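The values are calculated or read from the model by the stated rules, or taken from the named source; none is laboratory data. On a predicted model such as this, the values are computed, not experimentally measured, just so you know. A quick note on method: Cβ atoms are made from the backbone with ideal geometry, for glycine too, and the neighbour counts reach across all protein chains shown. Ligands, DNA and RNA are stripped out before the accessible areas are found, and what is left, the full protein with its side chains, is counted by its heavy atoms. Shrake-Rupley method; radii C 1.70, N 1.55, O 1.52, S 1.80 Å.
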Amino acid sequence: MKLFEKYIVQNYLKNFFVIFIALDLFYVGVDLLTNYNNIPDSANLQILYALFQGMNAVNYVLPLSIVFGMIVTYFGMIKSNELICMYASSISKRSLVKPFFITSLVLTLFYIGLNCTEFAYAYEYSSNLKKYNSISNSAEDLFLKNNNQYIYFKKLDPLKQVAYDVTIFEVDNVDLTKVIRASIATFVDNHWILEHVSITHKPKISSLDDEGFRIENIEKLKMMENFKPKIMDNVYQSEYALSISDGIDALRFFDNQNVNTSKIKATLFYQLFFPFFAPFLIVILYYKAPMMGRYFNMALIASSFAFVTLIVWSGLFLLSRLAANGVILSEIAILFPIILLVGIAAYFYSKR
């Protein structure tokens, strides 16, 4: 890394973290003041609630902080005459924009990686703390379909991945062939392990010599591959707050069941593509920014850049909500605007 690139990256990261921490703490502070009467009385649960809300705030403030950090760094370099000195040293605009773009791209990829983990469920955990004084809430009376099976769960704990009082009805076309009952089931290695199982076989009788009604008792039974508790819990809640990995599994699972997956697809597109607006918006703003402050009102231009950032972010967020509600296709509402930003950024980089 060249000396000027190292200098830009250091200043950019410093401004980014200052803005990010400030916005995140502001979000948490406002939320605590708004929901003070609803959060648990326990100090430990209050700390957990604030932590989860801080993690949830990352979804909103991190993309904005990436762009705001670039704006503050760039205009700071103009004010101190560092930028014009770099241009005078024969450093090109392309060379100066690369540290901003690459750093912001790394931050964006790191954020997308976080959404592949339990980090994606921070809002759900904070809501559960506020409603039930616990991280996990149990879903009750679930009735779902999986291939040729209709599955009933009396109670499901998605965090512990345990279900109680499970009944499975196996059918052949429209004929009931088997009823499986278990007192408890645990999700292990992408399979459900049913314990204390009772299997009732309903035979097809064509003559008096055929085997009749039969009950079989088994201690353990392994079945229902890739039928993940988190997917089932979100079906129960009619929400799709899924991590990227769980969202991909849910998309595959429900697609095989001929279920409308528009909400799941919108959530995945939002998590995978929406954050990329920040690095490419940085390139566009960089090429539209002045090189020196002598003939311009820097405060007005910086404020205009911040306003444009908020407009772009809020517009994309609104489109993503419309896609989640099925009003607009995810490809049009989320993917197309990002591709448009990429095209504009590529045009500025190649032509300017």
For the pair residue 14 and residue 143, how long in nm is the line joining their label points, each one 7 Å along Cα→Cβ?
-> 6.4 nm
Kirkwood Rh in Å, taken over all unlike Cα pairs in the chain = 23.8 Å
Separation between the residue 308 and residue 215 pseudo-spin-labels, each 7 Å from Cα along Cα→Cβ, expressed in nm?
-> 7.4 nm
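Out of the total accessible area of the chain (probe 1.4 Å, heavy atoms of protein only), what percent is carbon and sulfur?
Working: 11330 of 18660 Å².
Carbon with sulfur: 61 percent of the solvent-accessible area.
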Label zone at residue 200 (point 7 Å along Cα-to-Cβ), backbone N below 17 Å, the range 153-174 | 153-154, 165-172
The helix 336-351 Cα axis meets the longest alpha-carbon principal axis of the chain at an angle in degrees, between 0 and 90 and rounded to 10, of 30 degrees
Computed E for residue 175/residue 21 - FRET, C-beta separation, R0 45 angstrom, nearest 0.05 | 0.15
Between the helical axis of 122-132 and the dominant principal axis of the chain, each derived from Cα atoms, what acute angle in degrees is found, rounded to the nearest 10?
-> 60 degrees
Between 179, 166, 30, which gets the highest mean-square fluctuation from a Gaussian network model of the chain, Cα cutoff 10 Å?
-> 30
Can you give the relative contact order of the range 26-147 as a percent, counting alpha carbon pairs under 8 Å and 6+ residues apart?
-> 39 percent
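If the chain between residue 329 and residue 222 were fully stretched, how many nm would it gain, using 0.36 nm times the residue separation less the Cα-Cα distance? Don't skip to the end; give the middle numbers.
Details: separation 107, 0.36 × 107 = 38.52 nm, distance 3.85 nm.
Gain on extension, residue 329 to residue 222, equals 34.7 nm.
Heavy-atom accessible area per residue, the chain, 1.4 Å probe: how many Å²?
Values: 18660 Å² over 352 residues.
With all protein chains present, the chain gives 53 Å² per residue.
For the range 1-73, compute Rg over Rh where Rg is the Cα radius of gyration and Rh is the Kirkwood radius from the inverse mean 1/r over Cα pairs.
Numbers: Rg = 16.0 Å, Rh = 13.7 Å.
Looking at the range 1-73, the ratio lands at 1.17.
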Length released on extending from residue 135 to residue 112, taking residue separation times 0.36 nm less the Cα-Cα span = 6.0 nm
What percent does the relative contact order of the chain come to when contacts are Cα pairs within less than 8 Å and at least six residues apart?
-> 16 percent
Over what distance in Å are the Cα centres of the range 303-324 and the range 77-126 separated?
-> 19 Å
Give me the angle, in degrees from 0 to 90, between the Cα long axis of helix 262-272 and the longest principal axis of the Cα atoms of the chain, rounded to the nearest 10.
-> 40 degrees
